[in-house]
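Every number here is computed from the coordinates shown, using simple stated rules; none is lab data. These numbers come from a predicted model, not from an experiment.
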Amino acid sequence: MQNETDKEYAVKSHYSDPLSWVEKYADYLYGFAMSRLRDEDVAKDLVQDTFLAGLQRLDGFEGNSKEKTWLTAILKNKIADFYRKQSAINLKIINVEDERQDFFDAESGHWTEKDYPRAFGLEVGNPLMMKELSSILNECLAKLPGLWFSVFSMKHMDDLASELICNELKLTAANFWVIMHRTKLNLRACLQKKWN
């Protein structure tokens, strides 16, 4: 005769099978974490933390989403927690007044000649060229300071709202936009330098 705990586990296991998580989802979650963290050890730790949190929250999983989606959501929260801790450690107050303002001509409002974006000459249908560009972009992303990469990846990889990113990382709106601006300028300069 089954006791109540065994019955509850049997019902929960209908929705989720924690014993198969590592086999089914470890590689996917690790790849997801690596694309946002750039640190193998941290990515491995956060995937393990995700599985542990999933086990602890198994009662709350009712099967309204797929296991993979649910575990990915937990991992996203773990990554946001990591970013938040990093930003608290590394955040230097960014003064908007110190930001370079001479990218645009004061009279016309257009780019100055030296800052005008150059064309990449990219053939979108060329897979080899796209692979090379992707490799160069990853190189350029790796050079960004941790906080800048965190903000950029949360905005453009995770597609999070700016307000949510500010809340998660404890940034002011002004600091957020300055970081985004500096990140984009650095990425553009890096891509233009490395892309021939």
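Here are a few things to note about the model shown:
- Between Met130 and Asp39, the contour length at 0.36 nm per residue exceeds the alpha carbon distance by 30.3 nm.
- Per-residue extension of 0.36 nm, minus the Cα-Cα distance of Leu52 and Glu139, leaves a gain of 28.1 nm for this segment.
- Whichever lysines have a C-alpha closer than 20 Å to that of Lys114, once near sequence neighbours (fewer than 8 apart) are set aside: Lys184, Lys193, Lys194
- Segment 4-84 shape via C-alpha gyration tensor axes, a/c threshold 1.5: prolate
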